[in-house]
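Here's the structure we're looking at; comments come further down.
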Amino acid sequence: MSKTAFTPRVFSGIQPSGNLTLGNYLGAVKRFVEMQESGIQTIYCMVDLHAVTVWQDPEKLRHNTRELAAAYIACGLDAEKSILFNQSQVSGHAELGWLFSCVARLGWMNRMTQFKDKAGKNAEKMSLGLYAYPALMAADILLYHTTHVPVGEDQKQHVELTRDIAAKFNHDYKTDFFPIPEPVIDGAGTRVMSLRDGSKKMSKSDPSDNSRINMTDDADTIAKKIRKAKTDPEPLPDNLDALKDRPEARNLINIYAGLSDQKPEAVIAEVAGQQFGQFKPLLADLAVAKLAPIGDEMARLMGDVAEIDRILGKGADRAAEIAEPILAKTFDIMGMVRSR
């Protein structure tokens, strides 16, 4: 069997669950924008089918989907250069998700850590969708014959599952139809931690709003949260190894690096010896300069949701043009009769 040469293509998506944070920006959306300029086709999705694995208020879901689209655009994604759409407008995601739920093995799903983290002791009360959604995530990626998936470190396991599903499908049906996608994980800010606890990831669900910077925060709020961020009394060292047991300090250095497009090593060399009373104002000024214009542009875009809907609809049409032939060929390979 000859090896198929797949056209390089990028796909990634974020759940429209509201309150996009600095962690989402540095860990995902900023990379989306960079990859848009790489010369490879880029497809970016608001994964609203994943959102409903837990109950969603319909009006809030609509708002959050549009707000996430506004964030994508405000951060620099261009609807002409990239394909931007919400997942539920391309039915192939759900269809291929079912097919892949028949390819994936139960043992693979049982190893997925995110269900355990989200369900905790209430697993019996969770939706089947929350348990099985990694198969849908694999479908999201492979529906477009994606070759590269920009993800945060915490999502790498899902790309590994996708690779397993693609490999098993190809093996079972003696074909080379699906690519084995590569996760793309790098950059200083791929894992942004809480401003109140450097051992925990920055999260939109944290009860304390001061633990995170929201992409909708205004300039004063951003600066105030940086000033209040937890630190320690020691000055900044001249090397990263010395920050090993100082998670809050390391987190602020990483954030500065991510926002300034530098390596953390370059940042620590630049600010070595500074107390946080000197460093925090520098970080606050940088964060305000980079993030406040994004929040302002999101607010402007949300003033015209009809235009957002138009962009999402056009993006869904473009996505479907790629997806439909791939889905049809998948049905054919699996032996489904297609006579209409």
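The values are calculated or read from the model by the stated rules, or taken from the named source; none is laboratory data. Given the structure is predicted, the values throughout are model-derived calculations rather than measurements. All Cβ positions, glycine included, derive from the backbone under ideal geometry; neighbour counts span all protein chains shown.
Here are the numbers for this structure:
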item	result
Output for the range 1-14, where each listed residue is surrounded by fewer than 22 Cβ atoms within 10 Å (Cβ to Cβ) and touching a residue at least 12 places away in the same chain (Cβ under 8 Å)	Met1, Ser2, Lys3, Thr4, Phe6, Thr7, Pro8, Arg9, Ile14
Residue within the range 156-168 that is surrounded by fewer than 21 Cβ atoms within 10 Å (Cβ to Cβ), of a type in the set (S, T, N, Q) and either under 19 Å from Ala28 (Cβ atoms) or touching a strand residue (DSSP E or B) at 6+ places or on another chain (Cβ under 8 Å) (or both) present	yes
Criterion (surrounded by 19 or more Cβ atoms within 10 Å (Cβ to Cβ) and of a type in the set (D, E, K, R)) met by exactly one of Asp57, Asp48, Asp78, Asp117	Asp48
Positions within the range 215-240 being out of contact with any Lys or Arg (no Cβ under 8 Å at 6 or more places or on another chain) and more than 21 Å from Gln278 (Cα to Cα), in sequence order	Met215, Thr216, Asp218
In the range 236-270, the residues that are exposed (fewer than 14 other Cβ atoms within 10 Å of the Cβ) and in contact (Cβ under 8 Å) with a residue 40 or more places away in the chain	Lys263
Options Pro207, Pro183, Pro134, Pro179: the member that is over 20 Å from Thr113 (Cβ atoms) and either out of contact with any Ser or Thr (no Cβ under 6 Å at 6 or more places or on another chain) or part of a helix (DSSP H, G or I) (or both)	Pro207
Verdict on Ser38 being within 17 Å of Gly152 (Cβ to Cβ), hydroxyl-bearing (Ser, Thr, Tyr) and surrounded by fewer than 21 Cβ atoms within 10 Å (Cβ to Cβ)	no
Residue within the range 168-176 that is under 19 Å from Leu49 (Cα atoms), without any contact (Cβ under 8 Å) to a residue 12 or more places away in the chain and either among the acidic types (Asp, Glu) or in a helix (DSSP H, G or I) (or both) present	no
Qualifying position, being part of a helix (DSSP H, G or I), in contact with a Ser or Thr (Cβ under 6 Å, 6 or more places away or on another chain) and not assigned by TED's automatic domain parsing to the domain that holds Thr175, among Gly277, Gly295	Gly295
Candidates Gly335, Gly303, Gly277, Gly273, filtered to the one that is closer than 26 Å to Gly18 by Cβ and of a type in the set (Gly, Ala, Ser)	Gly303
Flag if Lys314 is part of a helix (DSSP H, G or I), within 17 Å of Thr221 (Cα to Cα) and either in the same structural domain as Ala69 (by TED's automatic domain parsing) or more than 25 Å from the chain's Cα centre (by Cα) (or both)	no
Leu68 vs. criteria under 15 Å from the mean Cα position of the chain (by Cα) and not in a helix (DSSP H, G or I)	no
